[in-house]
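Worksheet for the structure shown next.
Laboratory data are not the source of any read-out in this text; all were calculated from the coordinates shown. Keep in mind it's a predicted model, so treat the numbers as computed, not measured. Counting neighbours? That spans all protein chains shown, and the Cβs are built from the backbone with ideal geometry, glycine included.
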Amino acid sequence: MGEVSRGARALVVCPDIRGQRHDLDTEARLEEACGLALAIGIEVAEAFVLPVRDVRPGTLFGAGQVENIAIKCEQNEAELVVVDGALSAIQQRNLEEKLARKVIDRTGLILEIFGERAATAEGRLQVELAHLDYQQSRLVRSWTHLERQRGGFGFLGGPGETQIEADRRMIRQRMGRLRKELEQVRKTRALHRERRGRAPWPVIALVGYTNAGKSTLFNRLTGAEVMAEDLLFATLDPTMRAISLPGVEKAILSDTVGFISDLPTQLVAAFRATLEEVTGADIILHVRDIANPASAAQKVQVLEVLADLGVIDGEGGDSQIPILEVWNKWDLLPAERAEDLGVLADQDESVVAISAATGEGVDHLLDVLGRMLTGKARVCEFVLPASEGRRIAWLHAHGDVLEEVDAGQGEHGPLRRLVVRLNPKELGQFESL
């Protein structure tokens, strides 16, 4: 990150525009905006909601409101203003001139976070593509006070080349190259997914709203069980790990990017492929921060994205893939609320209450996952020529062989009779061998 970076003091302003609908209420939006700023090390000096009756095309806010923001910047010695909404290029430029400070909007802030978090080749390409798309509309020549060398993603800092001097043609060429690279990465990922589809291990995908505790749970479940020798997955993605479950020798746990309300459109497109991992999962773990007052609204957001990916039927709400809700941060609930929710969790088989931070309920979660993965298994009987060693070995490796005996002579030699417990996925794989 660049000049105005970690440790920068910022004012967070959440515009409440009359007639504009949001998924979260204003207070929850303000809290989320502060959380986003803190996520990349910005120091929030003050945060407030500003009602906007009529949107001003030049500045979004009225003249008096802009003056008040300037006064608060002086009082708080803030060098950065974060506006939790979408600013046009003109609005951003005018606000920067009037406030004599760097101004960053919600899209810019989320891109900055994604840019810092992008750990995979695909993630980095996606962020850069979204960043260029965003930057394209912001090539305003009169930004002379910002024309300086930058390093990072380009909002609080930026790519080493001076972004403002790069013309639209260069950006379009770069975007074209990025799209080609992304297409290649997607094909590779599809191949990896296909190979995993043929592999014996089920995939469990973690999804959830940002800050629901997915990564904490991921780290707790994978702990010391990272399998360095498992080369097939070692190079795939740092957010995939092998774990063992009751009755399941090995499963792959996959972490995904956190969901967020009012995700800017160019980011939805850019991060679509990251979530494609979810569509190939055997089970989806929906991690919820149950202690958050906005938990119900956040759940709606997550389900909408899953419906958009085709995992859930948008109209009927039926899921193609089993979804297990994990009510996390149980340790942060007041006793009375925990008691009420505990009754609900006990009555609902699709819910498990845990605390990823303390480990409470995690063993129960593993048991439930094990049962979900083995519950549909059925006992099958096969009579195979003894010469088909590869198929017999496959059954031993992937199924639970209950019995194996000689079955006399066949047309082409001795036969073996095997009684094996297989789940539907394994049975399908065996039949396609």
**Study point:** Residues of type lysines that Lys98 reaches as a straight line, Cα spacing below 27 Å, ignoring anything fewer than 8 places off in the same chain
**Key:** Lys72
Practice item. Check cross-link reach from Lys214 to the lysines: straight Cα distance under 30 Å, and skip same-chain residues fewer than eight apart. Key: Lys187, Lys250, Lys299, Lys329, Lys376, Lys425
**Study point:** trypsin sites (Lys or Arg not before Pro) within region 40-119: DSSP coil, no more than 16 neighbouring Cβ in 10 Å
**Key:** Arg53
Review point. So what are the ³J(HN,Hα) numbers for region 12-29, from phi and the Karplus equation (6.51, -1.76, 1.60; θ = phi - 60°), rounded to whole Hz, Gly and Pro as x?
Key: 9, 10, 10, x, 9, 7, 4, x, 9, 8, 10, 6, 10, 6, 4, 5, 5, 5
Exercise for review: Would you pull out the residues with amide H under 5 Å of Lys102's amide H, same chain only if 5 or more places away, H placed 1.01 Å from N?
Suggested key: Val81
Revision key, fill the gap. Once amide hydrogens are built 1.01 Å from N within the peptide plane, the residues lying 5 or more places from Leu50 or on another chain with amide H under 5 Å from its amide H are Cys14, Asp16
Point to revise | Amide H within-cut-off set for Leu309, under 5 Å, with H built and near neighbours excluded | key: none
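If you stretched the chain out fully between Arg421 and His364, how much longer would it get, using 0.36 nm times the residue separation minus the C-alpha to C-alpha distance? Don't skip to the end; give the middle numbers.
Numbers: separation 57, 0.36 × 57 = 20.52 nm, distance 2.38 nm.
Taking 0.36 nm per residue and subtracting the Cα distance, the gain is 18.1 nm.
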Point to revise | Estimated FRET transfer efficiency when R0 is 35 angstrom, pair Asp348-Ser215 (beta carbons, to 0.05) | key: 0.90
Revision key, fill the gap. Karplus ³J(HN,Hα) for region 407-423 (6.51 cos²θ - 1.76 cosθ + 1.60, θ = phi - 60°; Hz, whole; x = Gly/Pro) runs 10, x, 9, x, 4, 10, x, x, 10, 10, 10, 10, 10, 10, 8, 10, 8
**Study point:** region 236-390 - share of DSSP beta bridges that are antiparallel (%, nearest 5)
**Key:** 40 percent
Study note, to complete from the structure: Glu336 and Thr26 label points (each 7 Å along its Cα→Cβ direction) are spaced in nm at 2.8 nm
Revision key, fill the gap. Reduced to Cα centres, the span from region 384-400 to region 21-57 in Å works out to 60 Å
Check your understanding: Could you give me the ³J(HN,Hα) list for region 373-386, computed from phi with Karplus coefficients 6.51, -1.76, 1.60 and θ = phi - 60°, whole Hz, x at Gly and Pro?
Key -> 7, 9, x, 8, 5, 10, 8, 10, 10, 10, 10, 10, x, 4
Check your understanding: What trypsin sites (Lys or Arg not before Pro) in region 335-406 are in a loop by DSSP, with at most 16 other Cβ atoms within 10 Å of the Cβ?
Key -> Lys376
